[in-house]
1. Looking at region 1-110, which trypsin sites (Lys or Arg not before Pro) are in a loop (DSSP not H, G, I, E or B) and have at most 16 other Cβ atoms within 10 Å?
2. Among rounded, prolate and oblate, which fits region 7-187 when a ≥ b ≥ c are the square roots of the eigenvalues of its C-alpha gyration tensor, a/c under 1.5 means rounded, and a/b larger than b/c means prolate?
3. Kindly point out which whole DSSP H helices in the chain project their C-alpha atoms 27 angstrom or further along the helix axis while averaging a Kyte-Doolittle hydropathy of -0.5 or above.
4. R0 = 25 Å: FRET efficiency of Leu49 with Leu106, Cβ-based, nearest 0.05?
5. Given the options Gly41, Gly84, Gly20, state which has the largest fluctuation in a GNM of the chain using a 10 Å cut-off (strictly under) for Cα springs.
6. When a/c is below 1.5 the answer is rounded, else prolate if a/b is larger than b/c, else oblate, so apply that to region 23-67 with a ≥ b ≥ c taken from the square roots of the Cα gyration tensor eigenvalues.
7. Lys/Arg Cβ at +1, Asp/Glu Cβ at -1, dipole of region 7-187 taken about the Cα centre: which of Ala55, Gly33, Cys104 is farthest positive-ward?
8. Under a Cβ-only charge scheme (Lys and Arg +1, Asp and Glu -1), can you give me the dipole magnitude of the chain about the Cα centre, in debye to the nearest 20?
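Read-outs throughout are calculated quantities, based only on the coordinates presented, and are distinct from any laboratory measurement. What you are looking at is a predicted structure, and each value in this text was computed from that prediction instead of being measured. Counting neighbours? That spans all protein chains shown, and the Cβs are built from the backbone with ideal geometry, glycine included.
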Amino acid sequence: MSRKTAPERRCVILSGCSGGGKSTLLEELSRHGLHTVREAGRQIVQQELAVQGTALPWQDTTAFVRKAVALSQHQIAAEQARAGEGLVITDRSVVDTISYLDFCGLETPPDLAEILETSNYNPTVFFTPPWEALFTSDSERPKNFPAAVSEYRHLEKTYARLGYHIIELPKTSVAERCRFFKEQLESIAL
């Protein structure tokens, strides 16, 4: 993308259902020259499992969320510095982590709410819908498909309540999703 964008709107969120193909699409977007940030939550789970830590979503949700938000904020800032005035596509955001806390029936700590208030993401967010054919459980995502769909529905409501415009990605090949995503980037208000 060669268009100049306002710094407060140049971070575009890729969110949606767990196991819906976000990471695969993000890799493809990166191969197409876009600046991308991997999902912090998945990285935290990998780190915690490697050291037998407890900051896992199914063990200590609040500690997990705090680590994921800190890592995400750091990685987004670093990628924005590399991107200059270009766009940065982030796999999930602080909105996702706060939505997850609410989904689990936990309060959002004031410092995380403040991060949400000061995070200036683009108002358009891309969602991968639930897609059972793609979904797999593993040691980093030990949930079943119905649980992932429930979490997704809550996430949709959270983004809508916060005023984001959701564009749902089609259930199609990675190449087609990438093409669709890039076309939509051209048309959203940047």
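1. Arg3, Lys4
2. Because its axes are fairly even, with a/c under 1.5, region 7-187 counts as rounded.
3. Membrane-span-like by this criterion, though nothing is claimed about a membrane: 61-83.
4. 0.70
5. Of Gly41, Gly84, Gly20, the most mobile in the Gaussian network model is Gly84.
6. Note, shape of region 23-67 comes out prolate.
7. Farthest towards the positive pole: Gly33.
8. About 440 debye.
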